[in-house]
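Take a look at the structure set out below.
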């Protein structure tokens, strides 16, 4: 064995050391990805929580408005019923106008 060559045991040790070093670097990269995912997930949870709180606020405001003003609710229902009645009366009027038209045409025959 020359001076430039290392003993057999030392080469094995270096190979094992390089293998170990590569696996540690791979673990570090995996760890970095895991940490990035954790940061992203925490931000996602935070934004979702803010969104849900905003939705809760909207729902509670709508519910409180409906509960606090029952007169408005009754008024709205009355207006809706008046519109329905108006449409029905228009349809009835159209019907009788058509009947009258048919009767006039039959009378002239």
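The values are calculated or read from the model by the stated rules, or taken from the named source; none is laboratory data. Just so it is clear, the model here is predicted, and its values are computed rather than measured. Cβ placement follows ideal geometry from the backbone for every residue including glycine, while neighbour counts extend to all protein chains displayed.
Structure above, values below:
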{"read-out": "Which listed residue, of 48, 71, 37, is loosely packed, with under 10 Cβ neighbours inside 10 Å, at negative phi and assigned to a helix (DSSP H, G or I)", "value": "71"}
{"read-out": "Residue check, residue 65 assigned to a helix (DSSP H, G or I), at pLDDT 85 or above and either surrounded by 10 or more Cβ atoms within 10 Å (Cβ to Cβ) or touching a strand residue (DSSP E or B) at 6+ places or on another chain (Cβ under 6 Å) (or both)", "value": "no"}
